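Colleague: Quick one: structure below, then a few questions.
The values are calculated or read from the model by the stated rules, or taken from the named source; none is laboratory data. As the structure is a prediction and not an experimental result, all values here were calculated from the model. FYI the Cβ positions are ideal-geometry reconstructions off the backbone, even for glycines, and counts take in every protein chain you see. Remember, those area values only see protein heavy atoms, side chains included, never the ligands or the DNA or RNA. Shrake-Rupley method; radii C 1.70, N 1.55, O 1.52, S 1.80 Å.
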Amino acid sequence: MDTEQHHSAAPCAGLRIGDTPPDFEARSTIGPVKLSAYRGRWLVLFSHPADFTPVCTTEFVELAKEAKAFEKRKCQLMALSVDSLFSHFAWLRMIKERFDIEVRFPIVEDPTLVIGRAFGMVAPSDNDSATVRTTFFIDPEGIIRAMTCYPANVGRSIPEMLRTLDALQAIDAQDGLAPANWQAGDALLQSPTQDLDEVYSATEETTWFLREMPKGKSK
């Protein structure tokens, strides 16, 4: 069975936004890695169904191309799948030979699904990670700030991953709200007033709760 044609649903659950994910230490393509060692910087931890699959290959090529964009945002990438370390090596070698690009961020092996289950990437009864394509945006304090969950047959949008990271960093810096379709450099929104006098005195019906924050304002 083609891994990326498997349609049974896997939960994007277990952990929630605002949680501190469980620490782990595991083998990876850059040596042993420990989740807590990434404290102090942003981390995008993402899972993929399997090595040597078409959608995953396109994701890794594009992520490798944009690795410097994540680094510019002081963010590290870390991938996870059930495949063995040596399968990861063989796949990365194939990507280098075929696409002339090196994947340098760590790919963690999780053959027993211990990490995947702890993070809610797979259901407790699942025997493989065929339905997994989950992403966790973890802030420098080790807190999950955003999550996405895609089916195995739909690849992630790398520009949207970067936009999400930009938005999270911007709302932290300016204590604002990121509106729909917000892009880096756009104005954020202010939090609605909680003062009834301001509500009644607002010049328009929406200005008490829907108002832009002056650009450049920070905490």
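Colleague: I'd like to verify a number: residues in the range 22-62 that are closer than 16 Å to ASP110 by Cα, part of a loop (DSSP other than H, G, I, E, B) and open to solvent by less than 30 Å² (accessible area, probe 1.4 Å), how many?
Modeller: Count: 5.
Colleague: Is one or more of the residues making up the range 63-84 over 27 Å from GLY40 (Cα atoms) and either surrounded by fewer than 19 Cβ atoms within 10 Å (Cβ to Cβ) or under 16 Å from the mean Cα position of the chain (by Cα) (or both)? Before you say what the answer is, go through the steps one by one.
Modeller: Within the range 63-84, the subset over 27 Å from GLY40 (Cα atoms) is 82-84.
Those left that are additionally either surrounded by fewer than 19 Cβ atoms within 10 Å (Cβ to Cβ) or under 16 Å from the mean Cα position of the chain (by Cα) (or both): 84.
Yes: one or more hits.
Colleague: Still on this model: Among ASP2, ASP23, which is at pLDDT below 95 and among the charged types (D, E, K, R)?
Modeller: On the way: ASP23 fails: at pLDDT below 95.
The match here is ASP2.
Colleague: Checking the structure you have, find out if any residue of the range 119-129 is touching an Asp or Glu at 6+ places or on another chain (Cβ under 7 Å), surrounded by fewer than 18 Cβ atoms within 10 Å (Cβ to Cβ) and at pLDDT below 95.
Modeller: Here is the first cut: in the range 119-129, the residues touching an Asp or Glu at 6+ places or on another chain (Cβ under 7 Å) are none.
No, the range 119-129 contains no residue that is touching an Asp or Glu at 6+ places or on another chain (Cβ under 7 Å), surrounded by fewer than 18 Cβ atoms within 10 Å (Cβ to Cβ) and at pLDDT below 95.
Colleague: Here's another thing I want to ask about it. Tell me which residues, restricted to the range 142-162, are in contact (Cβ under 8 Å) with a residue 60 or more places away in the chain and within 19 Å of ALA64 (Cβ to Cβ). If you could, list the steps in order and put the result at the bottom.
Modeller: The first filter runs over the range 142-162 and keeps only residues in contact (Cβ under 8 Å) with a residue 60 or more places away in the chain, leaving 142-149, 151-156, 158, 161-162.
Passing the criteria: GLY155, ARG156, ILE158, MET161, LEU162.
Colleague: Now for a separate question. Give me the residue from the range 162-191 that is farther than 24 Å from ARG41 by Cα and either touching a strand residue (DSSP E or B) at 6+ places or on another chain (Cβ under 9 Å) or hydroxyl-bearing (Ser, Thr, Tyr) (or both) and, out of that set, most open to solvent (accessible area, probe 1.4 Å). Spell out how you get there, then give the answer.
Modeller: Step one: list which residues in the range 162-191 are farther than 24 Å from ARG41 by Cα, which gives 179-181, 187, 189-191.
From the residues that got through so far, the ones that are either touching a strand residue (DSSP E or B) at 6+ places or on another chain (Cβ under 9 Å) or hydroxyl-bearing (Ser, Thr, Tyr) (or both) too are 179, 187, 189-191.
Values: PRO179: 42, ALA187: 16, LEU189: 36, GLN190: 48, SER191: 64 Å².
Checked the range 162-191; the qualifying residue most open to solvent (accessible area, probe 1.4 Å) is SER191.
Colleague: Okay, next question. Of the conditions (1) under 13 Å from the mean Cα position of the chain (by Cα); (2) surrounded by 14 or more Cβ atoms within 10 Å (Cβ to Cβ), ALA202 clears all except one; give me its number.
Modeller: (1)
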